1. Quick one: putting +1 on the C-beta of Lys and Arg, -1 on the C-beta of Asp and Glu, what dipole do you get for the chain around its Cα centre, in Debye to the nearest 20?
2. For LYS289, give me every one of the lysines with a C-alpha distance below 18 angstrom, ignoring sequence neighbours fewer than eight places off in its own chain.
3. On a straight-distance basis, which aspartates and glutamates could pair with LYS148 in a cross-link, Cα separation under 17 angstrom, same-chain partners fewer than 8 positions away excluded?
4. How many nm separate the modelled label positions at ASP92 and LYS265, each set 7 Å beyond the Cα in the direction of the Cβ?
5. Go through the range 177-263 and name the GluC sites (Glu not before Pro) that are in a DSSP coil and have 11 or fewer other Cβ atoms within 10 Å of their Cβ.
6. Normalised by the residues of the chain, what does the relative contact order come to in percent, with Cα pairs under 8 Å and at least six apart?
7. Excluding residues on the same chain fewer than 8 positions from LYS165, give the lysines whose Cα lies under 17 Å from its Cα.
8. Net charge near ILE183: determine it from the other residues with C-beta under 15 Å of the C-beta of ILE183, scoring Lys and Arg +1 and Asp and Glu -1.
Amino acid sequence: MTEKKDLNSAKKELLLSIDNVYEMYVRMLALLSEITEYTEIDAIERANKHFPTADDLNPNKKLLTNRFIVLLQQNPEFKAAVNKYQINWHADPEFIKTIYNKLKSTPEYTAYLNDADDSLEGSKEIIKFIFRKIILKSQNIIQAFEDKFINWSVDKEVMQGMVAKTLKNFTSEDPFKNKLTPISADWKEDGKFVEDLFVYTLKNNNEYQALIAERTKNWESERIALMDTILMKMAICELMNFPSIPVKVTINEYLDLSKDYSTPKSNSFINGILDKILSDLKRTNSIKKVGRGLIEE
C-alpha cells in the first residue's frame, strides 16, 4: 500500500512539473502583455510632469495597440490560463517599469514607433525583440522565474520554443482562431507514454540496476554519474516495454539526452554500456518489437 502511495505521489509530482512548464510559458506571455500595457501608465506619468514637453503631452502609444498582443489578450485560451494560474504582474509595478524604460532607450523601439507598418506580422517583430533582447537578458526577470520555477534552468528552452511557436502560429485577426502552443501536439498519447515510462522504470528499478551493474563491474560506482544511471534505466525500460518504438530510436534518444543533461563523457559511456546490455537482452529474448518497432534503420 505504501509503495503504491509513493508511486502515485511521485507520478503526481511528475505531472505537476510538466504543468509548470506550461505555466512558465503563459506567465511569460502575460509579462509581454503587461509590458505593452505599461505604455498607458508611462503616458500618464509623462503628462503629469511639472514641465511636460510636447512629446510628453502627446506620446506615441503604438505599443499599447500592438496587434499580436491585442489578439493574445482577447484569446480565450490565454485568458483562461492566466486565470487558472492566477498570474498578476501588477504586484510589482516597479519591475515592469524598469523593463519598459530599458525598452524605451533602445533604437529598435524608436524604429518600431516610427514604422507605419501596423500589420499583425509586423507587430510581432518588436515582441520578439522584447522577448529575446530585453526579457531574456534581464537578470531581475531571470531571478523572478528562478524563484517561481525550480527547474527554470532546464525548462526555459522548452518555454522559449513555445513562445516562438506562438508568435509564428498567431496568424488570424480573429482571436478565437489562434491557438496557444500546447505542451505536446498529442498530450493524450504522449502523456500516457510519459506516465508509463515513469511507472515502469520505478517498478523495475532493481532489475534494471542489476543489468547495469553486470556491465559496469570494472567501474567504481561513485564514478558513474547519477544522471547516467537514470538515463540508462529509462532506456532499458523503453527497450523492454514499448514494442512499437524501434531500438535505434531509443538508443539515439537517450544518447541525445545525455549530451544535454549529463557530463561531457556520458555520451560515449552510456553508448558502450547500453550496447552491451542490448546484446544481453537480445540473447535472453527480452526485447519484443512489433509494427514500427521492427524497423532497424
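1. With only Lys, Arg, Asp and Glu charged at Cβ, the dipole is about 560 debye.
2. Cross-link targets: LYS248.
3. GLU13, ASP19, GLU23, ASP92, GLU157
4. Each label point lies 7 Å from its Cα, and together they span 4.1 nm.
5. Answer by residue number: GLU220.
6. Relative contact order, the chain: 17 percent.
7. LYS124, LYS128, LYS156, LYS177, LYS179
8. Its environment carries a net charge of -2.
Just so you know, all these numbers are worked out from the coordinates, no wet-lab data involved. Quantities reported herein were computed from a predicted structural model and do not represent experimental measurements. Please note: Cβ atoms are built from the backbone with ideal geometry, for glycine as well, and neighbour counts cover all protein chains shown.
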